Amino acid sequence: MSTGKKVTLSIIKADVGGLAGHHVVHPDLIATATRMLSEAKESGIIEDFYVTNVGDDLQLIMTHYRGVDSKDVHSLAWDTFKEATKVAQKLGLYGAGQDLLSDAFSGNVRGMGPGVAEMEFIERTSEPVVAFMADKTEPGAFNLPFYKIYADPFNTAGLVIDPKLHSGFKFEIWDLIEHKQYFLNAPEDSYDILALIGTTGRFTIKRVYRKDNNEIAAAVSSERLNLIAGKYVGKDDPVAIARAQSGFPALGEILEPFSFPHLVAGWMRGSHNGPLMPVSQKDARCTRFDGPPRIIALGFNIKDGKLIGPTDLFDDPAFDETRRTAQIIADYMRRHGPFMPHRLGPEEMEYTTLPQVLKKLEEKKI
Ligand code: F6R
Ligand code: MG
Ligand code: MG
């Protein structure tokens with residue numbers, strides 16, 4: 001432990017406009033966000049920051065000493081997205097301001113469109129963390145890999161052989177439809193955990209804690225834009241944070257489940273299942289059929305509240321086969337065209353534009 005003071009790591013993201021469609025963030029938006037966060041660092045609101053993008057989502061990675069849900073930090077993020085939206089409008093970028101669902105900021109960006117993953121902890125002597133950021137999918141995309149990291153000994157060797165991990169982890173699971181929470185422990189409640197999180201569009205892992213001392217291990221953004229807005233306004237391309245090493249899963253145990261390009265909901269029009277492809281920062285740009293869904297992982301150390309890094313973790317030939325498999329799965333799924341299970345099921349399609357089409361069909365019903 002260093003100072004004993006709790007540091008907060010916040011990732012707040014929004015799609016406020018894409019270049020050439022729902023594709024990538026324009027460099028001027030990155031520059032605008034960098035300027036705003038530099039000023040906030042100078043004035044002491046935040047300690048440090050890193051601005052990046054995955055596809056069309058602008059990502060603000062920030063450290064500070066103001067705790068989770070800090071009004072100062074959330075309003076900084078909100079103002080940054082507002083400022084970037086102005087630039088997007090000026091450049092005629094596509095979907096300018098699309099994720100900013102409200103005009104009235106009331107102290108917290110939760111429920112207003114942007115996605116948030118945050119956690120507060122006392123910095124260890126060395127504090128390695130991984131920031132995951134995905135495009136063209138939803139928060140439930142983290143259910144399978146995070147279950148494997150924190151509950152599956154076939155993924156995480158430390159669960160079996162490291163006494164610091166051996167007692168297991170506690171999962172905080174959110175029901176996004178009924179707005180309820182569950183706290184369930186692995187390994188003893190494993191089957192219950194799976195009974196919930198297998199329904200990825202409804203139940204999402206929100207946080208994970210080390211069971212023996214309740215230390216925060218991971219956090220995921222769990223907004224659902226379409227539930228907030230009541231109509232389809234884009235998928236909530238999710239972000240997540242995981243602390244690594246020394247009492248938490250090793251860096252490689254955290255990355256390992258992403259070697260399986262599992263099927264996630266999202267892709268074209270937020271309406272299709274497709275493989276989640278781990279990519280480097282330079283390949284974080286959705287193209288084919290607006291996808292396939294992609295995820296990047298940036299590794300940092302936090303030292304005295306400062307972000308050291310990043311290192312681009314999926315920029316590694318060790319994930320080449322995963323990417324190749326993802327391409328094969330993408331071909332296979334695409335051949336289904338408008339049919340399920342490539343296209344999502346009716347419950348999920350309710351939040352898209354399909355009901356408008358079906359409504360018109362009513363006239364033809366006899
Ligand atoms: C998926 C996504 C895109 C759009 C698609 C149609 O999350 O953002 O696949 O849904 O490009 O976009 P509009 O309706 O804006 O032309
Ligand atoms: Mg978009
Ligand atoms: Mg996006």
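The values are calculated or read from the model by the stated rules, or taken from the named source; none is laboratory data. All values reported here derive from a predicted model rather than from experimental measurement. So basically every Cβ, Gly included, is an ideal-geometry build from the backbone, and we count neighbours across all protein chains shown. The area values use the complete protein model at the heavy-atom level, side chains included, leaving out ligands, DNA and RNA. Shrake-Rupley method; radii C 1.70, N 1.55, O 1.52, S 1.80 Å.
For the pair residue 41 and residue 175, label points projected 7 Å from Cα toward Cβ lie 4.3 nm apart.
Based on the reciprocal of the average 1/r between different C-alpha atoms, the Kirkwood radius for segment 53-100 equals 11.9 Å.
Residue by residue, segment 116-122 carries 3J(HN,Hα) couplings of 9, 10, 9, 7, 10, 7, 7 Hz when phi is fed to the Karplus relation 6.51 cos²θ - 1.76 cosθ + 1.60 (θ = phi - 60°); x denotes Gly or Pro.
Highest mobility in the GNM of the chain, judged by mean-square fluctuation with C-alpha springs under 10 Å and restricted to 88, 242, 104, is found for 104.
Distance between the pseudo-spin-label points of residue 304 and residue 195 (7 Å out from Cα toward the beta carbon): 5.1 nm. What value does segment 1-119 have for Rg/Rh, both radii from Cα atoms and Rh as Kirkwood defines it? Rounded to two decimals, Rg/Rh equals 0.98. The largest accessible area among 289, 314, 339 belongs to the first residue in 339, 289, 314, and the rest follow in falling order (1.4 Å probe, all chains).
Between 188, 256, 127, the Gaussian network model of the chain with springs among Cα atoms under 10 angstrom shows the greatest mean-square fluctuation at 188. Here residue 335 and residue 358 are evaluated by their C-beta separation; at R0 = 25 Å the FRET efficiency comes out at 0.55. Which of rounded, prolate or oblate describes segment 122-365 when judged by the alpha-carbon gyration tensor and an a/c cut-off of 1.5? It is prolate, given that a/c is not under 1.5 and a/b is the larger ratio. Per-residue 3J(HN,Hα) values for segment 321-328, derived from phi via the Karplus relation 6.51 cos²θ - 1.76 cosθ + 1.60 with θ = phi - 60°, read 5, 4, 5, 5, 4, 4, 5, 5 Hz in sequence order (x marks Gly and Pro).
For the set 288, 334, the ranking by accessible area, highest first and with no ligand, DNA or RNA atoms included, is 288, 334 under a 1.4 Å probe. Model label points for residue 157 and residue 188, set 7 angstrom from Cα along the Cα-to-Cβ axis, are 2.9 nm apart.
Note on residue 102 and residue 316: the extension gain reaches 73.0 nm, defined as 0.36 nm multiplied by sequence separation minus the Cα-Cα distance.
Per-residue ellipticity at 222 nm computed for the chain from its helices equals -7500 deg cm²/dmol, with DSSP H segments shorter than 4 residues left out and the rest contributing -39,500 (n - 2.57).
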